[in-house]
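Input: a single structure, listed below in structure tokens.
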Amino acid sequence: DYIQRDYVDTVNTDGLLDGAITQMLSKLDPHSVYIPKENLQAVTENMQGKFVGIGVQFRMIKDSITVIQPIKGGPSIQAGIQAGDRILMANKDTLFGMSMNSGKVPSYLKGKPDTKVALQIYRKANDSLFTVEITRGNVNIKSVDLAYMITDSIGYIKLDRFARNTYSEFKTSLNSLLEKGMKNLVLDLRGNGGGFIDIANSIVD
């Protein structure tokens with residue numbers, strides 16, 4: 001009885017449940033996925049089209065956070081952060097090293113509006129190390145990647161998601177192309193991760 005009870009106590013029931021749900025959804029259709037609770041906040045922010053933070057797109061290169069680009073209109077671009085900058089520290093927290101998990105990075109960079117975070121930056125372009133203080137704020141995630149005229153009559157719009165702000169962005173781009181004489185439209189959905197069906201319906205309408 002003791003051995004059995006001890007075994008039951010060590011079973012990861014959350015992990016088993018996540019696995020069971022994932023397997024069930026895989027039998028429905030190739031487009032249904034289960035979002036674990038630890039990923040829900042990131043997905044929600046992505047679909048709402050905004051979040052509070054410093055506003056950078058980044059990736060882990062070797063052992064450090066490398067800025068791919070600061071998001072237009074966000075706090076980082078206003079503070080002078082550039083593509084290629086490496087973020088080494090946020091306040092007193094070290095953000096480099098082989099043990100740094102990229103999934104944990106946002107927890108150091110995001111926060112409440114108008115709070116400050118001091119970032120230690122290494123800029124390879126001029127081999128400089130400096131600290132910049134950034135005030136966190138609202139960062140908007142654009143859904144329209146590209147919108148332009150291919151020819152005098154054919155327009156092109158690329159959508160990367162169907163978030164809450166996608167319809168308004170799409171309509172603005174559509175109207176702009178129509179004013180330029182667009183008669184036909186190429187709507188590029190390659191790599192689109194999906195989103196809200198009512199937003200997709202509005203765009204189709």
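The values are calculated or read from the model by the stated rules, or taken from the named source; none is laboratory data. Here the structure is a predicted model, which is why all the values come from computation and not from measurement. As a convention, Cβ positions derive from the backbone with ideal geometry for all residues, glycine included, and neighbour counts pool all protein chains shown. Ligands, DNA and RNA are stripped out before the accessible areas are found, and what is left, the full protein with its side chains, is counted by its heavy atoms. Shrake-Rupley method; radii C 1.70, N 1.55, O 1.52, S 1.80 Å.
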Filter result (under 11 Å from residue 91 (Cα atoms) and either modelled with pLDDT under 90 or of a type in the set (D, E, K, R) (or both)) within segment 114-138: 116, 133
Residue count for segment 118-172, restricted to those that are within 20 Å of residue 193 (Cα to Cα) and hydroxyl-bearing (Ser, Thr, Tyr): 5
Of the criteria (1) part of a helix (DSSP H, G or I); (2) open to solvent by less than 90 Å² (accessible area, probe 1.4 Å), which one residue 89 fails: (1)
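On the basis of being in a loop (DSSP other than H, G, I, E, B), open to solvent by 90 Å² or more (accessible area, probe 1.4 Å) and at pLDDT below 75, does residue 32 make the cut? Lay out the reasoning, then the answer.
Values: in a loop (DSSP other than H, G, I, E, B): yes; open to solvent by 90 Å² or more (accessible area, probe 1.4 Å): no; at pLDDT below 75: yes.
Here the answer is no, as residue 32 does not meet what is asked.
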Evaluation of residue 48 against (1) modelled with pLDDT under 70; (2) of a type outside the set (Asp, Glu); (3) out of contact with any helix residue (DSSP H, G or I) (no Cβ under 9 Å at 6 or more places or on another chain); (4) closer than 30 Å to residue 123 by Cβ (one fails), failing number: (4)
Any hit, segment 179-188, residues being of a type in the set (A, V, I, L, M, F, W, C) and touching a residue at least 40 places away in the same chain (Cβ under 8 Å): no
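For every residue, the table says whether it meets (1) closer than 27 Å to residue 87 by Cβ; (2) touching a helix residue (DSSP H, G or I) at 6+ places or on another chain (Cβ under 6 Å); (3) open to solvent by less than 50 Å² (accessible area, probe 1.4 Å).
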position	(1), (2), (3)
123	yes, no, yes
149	no, no, yes
158	no, no, yes
166	no, yes, yes
172	no, no, no
175	no, no, no
Residues of segment 92-120 that turn out to be of a type outside the set (Lys, Arg) and surrounded by 14 or more Cβ atoms within 10 Å (Cβ to Cβ), as a count: 11
Extreme residue, nearest to residue 183 (Cα to Cα), among residues of segment 125-147 that are crowded, with 17+ Cβ neighbours inside 10 Å and of a type outside the set (Gly, Ala, Ser): 144
Those strands (runs of 3 or more DSSP E) lying entirely in segment 127-173 with at least 2 residues without any contact (Cβ under 8 Å) to a residue 12 or more places away in the chain: 128-135
Matching residues in segment 8-28 - criterion: being at pLDDT 75 or above, open to solvent by less than 60 Å² (accessible area, probe 1.4 Å) and over 24 Å from residue 107 (Cα atoms): 19, 20, 21, 25
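When the residues of segment 178-199 are narrowed to those that are buried (at least 18 other Cβ atoms within 10 Å of the Cβ) and of a type in the set (A, V, I, L, M), which ends up farthest from residue 34 (Cα to Cα)?
Keep residues of segment 178-199 that are buried (at least 18 other Cβ atoms within 10 Å of the Cβ), which gives 182, 195, 199.
Adding the requirement that they be of a type in the set (A, V, I, L, M) leaves 182, 199.
Numbers: 182: 40, 199: 21 Å.
The extreme case among them is 182.
Does residue 185 qualify as being at pLDDT 90 or above and under 12 Å from residue 144 (Cβ atoms)?
Values: at pLDDT 90 or above: yes; under 12 Å from residue 144 (Cβ atoms): no.
No; evaluated as a whole, the condition is false for this residue.
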